[in-house]
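The values are calculated or read from the model by the stated rules, or taken from the named source; none is laboratory data. This structure is a prediction, so every number in the text was calculated from the model and none was measured. Neighbour counts run over all protein chains shown; Cβ positions are idealised from the backbone, glycine included.
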Amino acid sequence: MQIESNIVVKSSYHNKPIVTDIFYNVDNTKKPIVIFCHGYKGFKDWGSWDLVAKMFAETNHFFIKFNFSHNGETLENPIDFPDLEAFGENNITTELNDLEDVINWIITNEKYKSEVDITDIILIGHSRGGGIVTIKASENKKVSRVISWNGVSDYALRFPKGKDLEEWEKEGVLYVLNGRTKQQMPHKYQFYQDFKDNEERLSIKTAVENLNKPQLIISGTHDEVVKPIEAKNMHLWNPKSKLLLIEGMNHTLGGMHPWNEEKLPIHLEKAVQMSIDFINK
């Protein structure tokens, strides 16, 4: 298995790097491209994402995972959010732009042309990333299929309301504690402003209703962060989608950071296998 880590994909929209990993078997056969998007306060090296990548590669997929450019990591430190200024400047539009750049990077990369099937691009997103991949799949004809793992169904539900929203606008920034690193993570008001300015494009409901390609929705019955009703709603919006509930699975699909075991968490392994089965049909 070939593993290439911390490749810099240049952005078409800004000067920050999109730090990327790829996992694949070198055999000169064109493989489905699977691009994975992490969620809020996540990152490409979180927990057992490497084991996920290896499982996809072992089943002959070309697997890509990356850090969103403004997620707070750097090329030198892709894990511990050293760039909080960038984190504060992040928004949904920026993440959609980053994903677009990763898609264009792989389909135009001569180095991997004998290993990738550019007509078969599958997007997988976890949590907030589930919304990102759903919107991108709806608007990008190069994407053939889309999968969400405990994916959000409505970004509007994630923002403060009432006096809290007014206070955010007044102060210009709000802070959220990162339980792992103990950092106070800044969220500048521009994040909400970007959402309001682009609300039609950033509607996951509209994206799901307009999808004309296969969609798999995987949700854990014990997810307290993105509750199963959000998955069920998406399935209602697109009756052609496939909804799979994993009994007992929590928001992180049984994983945690760091993950020091050599095997995937049971629920995450099940989600990966369900995804592979969906792709291979």
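A Cβ distance below 8 Å, combined with a sequence gap of six or more or placement on separate chains, defines the contacts here; from segment 193-221, residues that are closer than 13 Å to residue 151 by Cβ and of a type outside the set (A, V, I, L, M) reach residues that are exposed (fewer than 14 other Cβ atoms within 10 Å of the Cβ) and modelled with pLDDT of 95 or more in the pairs 215/240; 220/248.
When residue 47 is tested against the conditions (1) part of a loop (DSSP other than H, G, I, E, B); (2) free of Cβ contacts under 8 Å to residues at least 60 places away in the same chain; (3) under 18 Å from the mean Cα position of the chain (by Cα), the lone failure is (2).
With respect to the conditions (1) closer than 22 Å to residue 52 by Cα; (2) at pLDDT below 95, residue 259 falls short on a single one, namely (2).
Evaluation of residue 30 against the conditions (1) within 24 Å of residue 270 (Cβ to Cβ); (2) among the basic types (Lys, Arg); (3) surrounded by fewer than 22 Cβ atoms within 10 Å (Cβ to Cβ) shows that the sole unmet condition is (1). Within segment 157-186, being exposed (fewer than 12 other Cβ atoms within 10 Å of the Cβ), under 22 Å from the mean Cα position of the chain (by Cα) and more than 27 Å from residue 205 (Cα to Cα) holds for 177, 179. Contact annotation: residue pairs with Cβ atoms under 6 Å, 6 or more positions apart or on different chains, pairing a residue in segment 225-241 that is within 15 Å of residue 203 (Cα to Cα) with a partner that is assigned to a helix (DSSP H, G or I) and modelled with pLDDT of 95 or more, are 234/208; 237/205; 237/208; 237/209; 238/208.
For (1) outside any loop (DSSP other than H, G, I, E, B); (2) of a type in the set (A, V, I, L, M); (3) touching a helix residue (DSSP H, G or I) at 6+ places or on another chain (Cβ under 8 Å), each residue gets a yes or a no:
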{"residue": "225", "(1), (2), (3)": "no, yes, no"}
{"residue": "255", "(1), (2), (3)": "no, no, yes"}
{"residue": "261", "(1), (2), (3)": "no, no, no"}
{"residue": "267", "(1), (2), (3)": "yes, no, no"}
{"residue": "274", "(1), (2), (3)": "yes, yes, no"}
{"residue": "279", "(1), (2), (3)": "yes, yes, no"}
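Here is the figure for segment 26-48: residues that are out of contact with any helix residue (DSSP H, G or I) (no Cβ under 9 Å at 6 or more places or on another chain), under 26 Å from residue 119 (Cβ atoms) and not basic (Lys, Arg) total 4. Within segment 94-109, being outside any loop (DSSP other than H, G, I, E, B) and surrounded by fewer than 17 Cβ atoms within 10 Å (Cβ to Cβ) holds for 104, 107. Selection of segment 110-131 for residues being over 19 Å from residue 141 (Cβ atoms) and surrounded by 15 or more Cβ atoms within 10 Å (Cβ to Cβ) yields 112, 115, 126, 127, 128, 129, 130, 131.
Here residue 218 does not fit the description of being of a type outside the set (Gly, Ala, Ser), buried (at least 17 other Cβ atoms within 10 Å of the Cβ) and more than 30 Å from residue 80 (Cβ to Cβ).
Among residues of segment 230-253 being of a type outside the set (A, V, I, L, M), in contact with a strand residue (DSSP E or B) (Cβ under 9 Å, 6 or more places away or on another chain) and in a loop (DSSP other than H, G, I, E, B), the one that is surrounded by the most Cβ atoms within 10 Å (Cβ to Cβ) is 252.
Scanning segment 78-93 for residues that are farther than 22 Å from residue 204 by Cβ and either assigned to a helix (DSSP H, G or I) or in contact (Cβ under 8 Å) with a residue 24 or more places away in the chain (or both) yields 78, 79, 80, 81, 84, 85, 86, 87, 88, 89.
When restricted to residues that are over 28 Å from residue 246 (Cβ atoms) and in a helix (DSSP H, G or I), segment 130-186 contains 11.
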